[in-house]
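Worksheet for the structure shown next.
Bear in mind these aren't lab numbers, they're just calculated from the coordinates by the rules spelled out. Nothing here was measured: the structure is a model prediction, and the numbers come from that model. FYI the Cβ positions are ideal-geometry reconstructions off the backbone, even for glycines, and counts take in every protein chain you see.
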Ligand SMILES: [Zn+2]
């Protein structure tokens, strides 16, 4: 049998002796009562941008969807496989979360691929190119901006993509209705992995600003 990675077994041992041991009553309570997180976070699969770490969240506190470049597709009930929309539906209809946070991050490989489809390490492949076409219109506009540096273009698209995803959240009829009724709030945030800075989208101006923490 193939050996399960030692690094994972070591990590699991530390988890059991540390975080699990400290929170075992909470884990037991969650096992008996089920989960009831108030917040859904849609984050990138990038190994450097884990929302539970960044928001210091314990078990049961965050419902998390992670995909390439933290994107929400538009509402498309077309019978195809929609992993992100299925998890979104569960969070909204069953868990009845009160807040949805779309969290982007700096140096996102998916966003870099959208700006330059030939960029390493991501190539269009069978799935990423199609998935990243969700931001193609914005990417094409930003690509042609020669006043900005490559890094500025990337940060710009990372943030514009967050706004696109929030707009796509509103294409889901139940989310749109809940937001209009004041029962759900949609947020954007962007995490700079190199400095640890967290920027939050202002609901009025749609600009990203650094909150007081
Ligand atoms: Zn990313």
Inset, instruction - Provide 29, 132, 1 in ascending order of the number of other Cβ atoms located within 10 Å of each residue's Cβ, fewest first. - result: 1, 29, 132
Legend entry - Convex hull per residue volume in Å³, alpha carbons only, for the stretch 120-206: 139 Å³
Inset, instruction - Name the residue, out of 164, 38, 14, whose mean-square fluctuation peaks in a Gaussian network model built on the chain with Cα pairs under 10 Å. - result: 14
Inset, instruction - Go ahead and estimate [θ] at 222 nm for the chain from helices alone: -39,500 (n - 2.57) per DSSP H run with n ≥ 4, summed, over the residue count, rounded to 500. - result: -10500 deg cm²/dmol
Legend entry - Model label zone, residue 29; criterion: amide N under 14 Å from point 7 Å along Cα-to-beta-carbon; scope the stretch 50-67: 58-61
Legend entry - Alpha carbon centroid spacing (whole Å) that separates the stretch 126-173 from the stretch 25-43: 32 Å
Legend entry - Antiparallel %, DSSP beta bridges [both residues in the chain], to 5: 20 percent
Inset, instruction - Take peptides 16-28, 174-186 and line them up by average Cβ neighbours within 10 Å, highest first, as a rough protection proxy. - result: 174-186, 16-28
Inset, instruction - Beyond 32 Å, what share of the Cα-Cα pairs of the chain is found? Please give it as a whole percent. - result: 24 percent
Inset, instruction - Compute the FRET efficiency between residue 176 and residue 20 as 1/(1 + (r/R0)^6), taking r as their Cβ-Cβ distance and R0 = 41 Å, and round to the nearest 0.05. - result: 0.55
Legend entry - Mean separation of Cα contacts under 8 Å (6+ apart) over length of the stretch 35-209, as relative contact order %: 24 percent
Inset, instruction - Pull out the extension gain between residue 48 and residue 150, defined as 0.36 nm times the separation in residues minus the alpha carbon to alpha carbon distance; nm, one decimal. - result: 34.6 nm
Legend entry - Label-point gap, in nm, between residue 3 and residue 127 - each point 7 angstrom along Cα→Cβ: 2.9 nm
